[in-house]
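Novice: The structure that follows is given in the form of structure tokens.
The values are calculated or read from the model by the stated rules, or taken from the named source; none is laboratory data. Here the structure is a predicted model, which means the values were calculated and not measured. Cβ coordinates were reconstructed from backbone atoms using ideal geometry, including for glycine residues, and neighbour counts include every protein chain displayed.
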């Protein structure tokens, strides 16, 4: 079996090789750092620079959607549109929550202090990324309201059968389904087919990976 | 608390300790081109985190924390060369052109490959151990207890020795 000393010796030689490379590239590094300082001073003026273009787009889209919902409510404030207003208001509430959580977490990720310990920083980053799934769970609760915005008292009075036998049960079904999703969207179900189908794509893969990473970190901390 | 990135010598300090960056990049990024991206990202974060530098700690300890955190995140996100380098005219050569001894190269390649085969935190642990950091300092950088560090290092060393021996065969 190889000795500890042999291993350290091998590292020392490897280290010397890197040190030699260090001397060879000194001039290149000096130039690089000087140019870098100039460019980054400009770049760092906005903290939003650290946030990826994709995340900015998602947040912008969320804000536009929220504004559109507010516009719908403001222009429908009459008694005859009660169900519409209540449904859109509920959808608005969930979306405001999601947009705030998304923007807050995106900014928090870009502001994490990398000079803290490795475990601390990696855990915080993974927690923030994984929390996207939390926000999505909550968003699913809005689905039944997409089945109620077209309800009205006239429909209930004039076609009670179609309302109570079709529209109402469909809304109830959606409510049950959304509550089920809210309760079951969890890492413990990440390997199930429905979960993979629901959360496919690059963005989601990274969220799921973050959740698994969190578990790994916890185990690493405990492991002796 | 002293602000490092406002300090006129901040870039000189990075320059002085650039061996740390080179080693971390070599261990977390096998691909030479992505390694240049990682190097730039580490320098950017060092510069950005400069204000959190506490002068009561050694600069190298602080630098290890920042650089390792950036490298682990970079590695986990599986980042690849973006191809939109604002600094494309300045290459960061991190290869040693002076060493052409094939046997020596092979041994280093084994060592590097074996370390690259370890999990992210284990890679950081063994790097710090080889850099002769005390268990206390390693524990501070990683955020673990000293006992945990000692146990893990002994386990990683066994893994590495086994890996190198397997490669020799």
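Novice: When you check residue B:9 against the structure, is it more than 10 Å from chain A (Cβ to nearest Cβ) and either farther than 21 Å from residue B:111 by Cβ or modelled with pLDDT of 85 or more (or both), yes or no?
Specialist: yes
Novice: Next up: What residue, of B:151, B:145, is surrounded by 13 or more Cβ atoms within 10 Å (Cβ to Cβ), more than 7 Å from chain A (Cβ to nearest Cβ), more than 17 Å from the chain's Cα centre (by Cα) and at pLDDT 90 or above?
Specialist: B:145
Novice: Mind checking whether some residue in the stretch A:49-60 is touching a helix residue (DSSP H, G or I) at 6+ places or on another chain (Cβ under 9 Å), surrounded by 15 or more Cβ atoms within 10 Å (Cβ to Cβ) and not in a helix (DSSP H, G or I)?
Specialist: The answer is yes; a qualifying residue exists.
Novice: Moving to a separate point now. Any residue that is over 30 Å from residue B:9 (Cβ atoms) and either within 11 Å of another protein chain (Cβ to nearest Cβ) or modelled with pLDDT of 85 or more (or both) - is there at least one of those in the stretch B:81-102?
Specialist: Yes, that holds for at least one residue.
Novice: So, one more: Could you name every one of the helices (runs of 4 or more DSSP H) located completely within the stretch A:134-224 that has at least 3 residues being farther than 30 Å from residue B:122 by Cα?
Specialist: A:153-158, A:168-184, A:193-198
Novice: Before we move on, is residue A:5 more than 7 Å from chain B (Cβ to nearest Cβ), within 28 Å of the chain's Cα centre (by Cα) and modelled with pLDDT of 65 or more?
Specialist: Taking the combined requirement at face value, the residue does not satisfy it.
Novice: Here is a follow-up. Quick one: would you say residue A:103 is within 16 Å of the chain's Cα centre (by Cα) and within 14 Å of another protein chain (Cβ to nearest Cβ)?
Specialist: Spelling it out, it is not the case that residue A:103 is within 16 Å of the chain's Cα centre (by Cα) and within 14 Å of another protein chain (Cβ to nearest Cβ).
Novice: Return a yes/no flag: does the stretch B:124-135 have any residue that is surrounded by 14 or more Cβ atoms within 10 Å (Cβ to Cβ), more than 9 Å from chain A (Cβ to nearest Cβ) and more than 18 Å from residue B:24 (Cβ to Cβ).
Specialist: Yes, the stretch B:124-135 has at least one match.
Novice: Right, something else. Specify which of the listed residues (A:224, A:133) is touching a helix residue (DSSP H, G or I) at 6+ places or on another chain (Cβ under 7 Å), exposed (fewer than 15 other Cβ atoms within 10 Å of the Cβ) and modelled with pLDDT under 90.
Specialist: Every option except A:224 fails the conditions.
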